[in-house]
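Colleague: Got a structure for you, written out below as structure tokens; questions coming shortly.
The values are calculated or read from the model by the stated rules, or taken from the named source; none is laboratory data. Quantities reported herein were computed from a predicted structural model and do not represent experimental measurements. Here the Cβ is made from the backbone with ideal geometry for all residues, glycine too, and neighbour counts use every protein chain on show. Heads up: the accessible areas ignore ligands, DNA and RNA and are worked out on the full protein's heavy atoms, side chains in. Shrake-Rupley method; radii C 1.70, N 1.55, O 1.52, S 1.80 Å.
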Amino acid sequence: QVQLVESGGGLVQAGGSLRLSCAASGRTYAMGWFRQAPGKEHEFVAAIRWSAGNAYYSDFVKGRFTISRDNAKNTVYLLMSSLKPEDTAVYYCAAQTVAQFYIGQESPSNYASWGQGTQVTVSS
């Protein structure tokens, strides 16, 4: 399994921005970002295919968050702008195989490897 390490979380005021990074030890087919707020389930945020760079977003982050990747560095990024207090959560990156990708991007069960998470806190 590929190893994933997230970084870039922190405390930011509402309206601010943060960029999360996820460094992968190897290449898979696609990568996703999820988040988990206290007492809630994992929630899909965004996903991207390594090769073509096709990006997929949940409705609540469209226009605010941007997922990107650096193939040379095996790193995926999540640029979060116009942050809101309700974006507060632990953010996780996860890796998909090609078979999992074609099942879908939004279910956590369709991801093979997970990072340890990074906390994002947005103050009002």
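Colleague: Under the condition of being under 24 Å from N54 (Cβ atoms) and part of a loop (DSSP other than H, G, I, E, B), which residue from the range 103-124 is most open to solvent (accessible area, probe 1.4 Å)?
Modeller: E106
Colleague: For the condition open to solvent by 20 Å² or more (accessible area, probe 1.4 Å), in contact with a Leu (Cβ under 9 Å, 6 or more places away or on another chain), closer than 26 Å to S123 by Cβ and in a strand (DSSP E or B), what is the one hit in L79, L11? Outline the logic, then answer.
Modeller: On the way: L11 fails: in contact with a Leu (Cβ under 9 Å, 6 or more places away or on another chain).
On inspection, the qualifying residue turns out to be L79.
Colleague: Name the residues in the range 24-57 that are touching a Phe, Trp or Tyr at 6+ places or on another chain (Cβ under 9 Å), in a loop (DSSP other than H, G, I, E, B) and under 15 Å from C93 (Cβ atoms), would you?
Modeller: Across the range 24-57, the qualifying residues are R27, T28, Y29, H42, W50.
Colleague: For the range 92-102, indicate whether the set of residues that are under 17 Å from A52 (Cβ atoms), in contact with a strand residue (DSSP E or B) (Cβ under 7 Å, 6 or more places away or on another chain) and open to solvent by 40 Å² or more (accessible area, probe 1.4 Å) is non-empty.
Modeller: Looking for residues that are under 17 Å from A52 (Cβ atoms), in contact with a strand residue (DSSP E or B) (Cβ under 7 Å, 6 or more places away or on another chain) and open to solvent by 40 Å² or more (accessible area, probe 1.4 Å), one finds none in the range 92-102, hence no.
Colleague: S17 passes all but one of (1) open to solvent by less than 20 Å² (accessible area, probe 1.4 Å); (2) in contact (Cβ under 8 Å) with a residue 60 or more places away in the chain; (3) among the polar types (S, T, N, Q); which number fails?
Modeller: Answer for S17: the failing condition is (1).
Colleague: Right, something else. Given the criteria touching a Gly at 6+ places or on another chain (Cβ under 9 Å) and either without any contact (Cβ under 8 Å) to a residue 60 or more places away in the chain or under 15 Å from T118 (Cβ atoms) (or both), does Q96 qualify?
Modeller: Spelling it out, it is not the case that Q96 is touching a Gly at 6+ places or on another chain (Cβ under 9 Å) and either without any contact (Cβ under 8 Å) to a residue 60 or more places away in the chain or under 15 Å from T118 (Cβ atoms) (or both).
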